[in-house]
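J.: Please find one structure pasted underneath; my questions will follow.
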Amino acid sequence: GTWRARSPEDLIRELEELSTVYNVDVVLLTDDYPTPDRTRWEKFLDLLIEKDLPVKLLMETRAGDIIRDKDILWKYKKAKIIHIYVGTEATEQSALDFMKKDLKLEESKEALRLLREYGIITETSLILGFPDDTPQGINKTLTLAKEYNPDFALFLAIAPWPYSDMYEELKPYIKVYDHRKYNLIDPVIEPKEMTLEDVDRAIINCYRDFYMNKFFEMQQTDDEFKKEYLMKSMKLMMSNSFIKKKLGMLGDMPPE
């Protein structure tokens, strides 16, 4: 129940070694919540700015911390943090409450807006396949995902692991007991008004519609770095990830 934080100085020494010895130029911070202590976090940013290493950083954090740090987001940018994942999880407050997420919808929306304002690439995820989900409800989620306008959106199938708080409540709706399928990609919960196949197809449609919309948006942007970053990423997603397999369920992949 306890943990020990590494010092900002120690982290900077490691980044410097990765850069100078191994020529690493992109680093993902795999701590899924690196920002709870603002003093420690800001010290890390200040040292990054001072060292000015040729290293770009990707990370994730909570929406509330982005809002808390709105006065120092310029430091995020100057420290070469280029891509931040912020959990949204749902576009209905009732779903967030069901998952016991200490998060308000407006926080996610505001955090994504602030990061866009500073030219930082944004990513979020949305969970689908709750017992009360309907095709109309999932379409509403897709519409709101476009309104939130992250650069990347992940549309994930809810996975009720047996040790999770929500397991007993979701148990009557579980149709798949092979835990290899509890991967946030394959639906295992069957909503009251949908089949597993319906949920799978809805996830496919969300990816297709969101990224087609994002593709056309990127044609209009003047931010050449973001355009190149997103276009390369979308091409990789469509050719090398689980999305390719899922899109294949709709028939042949469309011409490039």
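J.: How many nm is it between the label spots at K146 and S164, if each spot is 7 Å from the Cα in line with the beta carbon?
T.: Going from the K146 label point to the S164 one covers 2.8 nm.
J.: Quick one: length gained pulling T195 to K51 fully straight, 0.36 nm per residue minus the C-alpha distance? Don't skip to the answer; put the middle values down first.
T.: Values: separation 144, 0.36 × 144 = 51.84 nm, distance 5.42 nm.
Gain on stretching T195 to K51: 46.4 nm.
J.: With P(r) over Cα pairs in 10 Å bins from 0, in percent in mind, check (i) 6, 20, 19, 12, 10, 10, 9, 6, 4, 3, 2, 0, 0; (ii) 8, 33, 38, 18, 3, 0; (iii) 6, 27, 32, 24, 10, 1 and report the label derived from this structure.
T.: Only one listed value fits the structure, namely (iii).
J.: Please give me the summed charge of the neighbours of N205: other residues whose Cβ is under 14 Å from its Cβ, Lys and Arg +1, Asp and Glu -1. Show your work: numbers first, answer last.
T.: Working: positive: K140, K146, R201, R208, K246; negative: D133, E197, D198, D200, D209.
So the environment of N205 carries a net charge of 0.
J.: While we're on this one: List the aspartates and glutamates whose alpha-carbon lies under 14 Å from that of K77, not counting same-chain residues fewer than 8 positions away?
T.: Excluding near neighbours in sequence, the set is E42, D46, E50, D52, D69, E117.
J.: Continuing with this model, one more query. For region 165-249, how many pairs of lysine residues have a Cα-Cα distance under 22 Å, where the two are 8 or more positions apart or belong to different chains?
T.: Close lysine pairs found across region 165-249: 25.
J.: Roughly speaking, what is the stretch gain from W3 to M212, that is 0.36 nm per residue apart minus the C-alpha to C-alpha distance, in nm to one decimal? Could the numbers behind the result be given before it?
T.: Numbers: separation 209, 0.36 × 209 = 75.24 nm, distance 4.28 nm.
Additional length available on full extension: 71.0 nm.
J.: Can you give the relative contact order of the chain as a percent, counting alpha carbon pairs under 8 Å and 6+ residues apart? It would help to have the intermediate numbers written out before the result.
T.: Working: 324 pairs, mean separation 32.4, N = 256.
Relative contact order for the chain comes out at 13 percent.
J.: Kindly report the accessible area of the chain per residue (heavy atoms of protein chains, probe 1.4 Å, no ligands, DNA or RNA), in Å². All intermediate terms of the calculation are to be shown ahead of the outcome.
T.: Values: 14190 Å² over 256 residues.
I get 55 Å² per residue for the chain.
The values are calculated or read from the model by the stated rules, or taken from the named source; none is laboratory data. Not measured: the values here are computed from a predicted model. When we count neighbours, we look across all protein chains shown, and the Cβ atoms used for this are built from the backbone with ideal geometry, even at glycine. Surface accessibility is based on the protein's heavy atoms, side chains included, excluding ligands, DNA and RNA. Shrake-Rupley method; radii C 1.70, N 1.55, O 1.52, S 1.80 Å.
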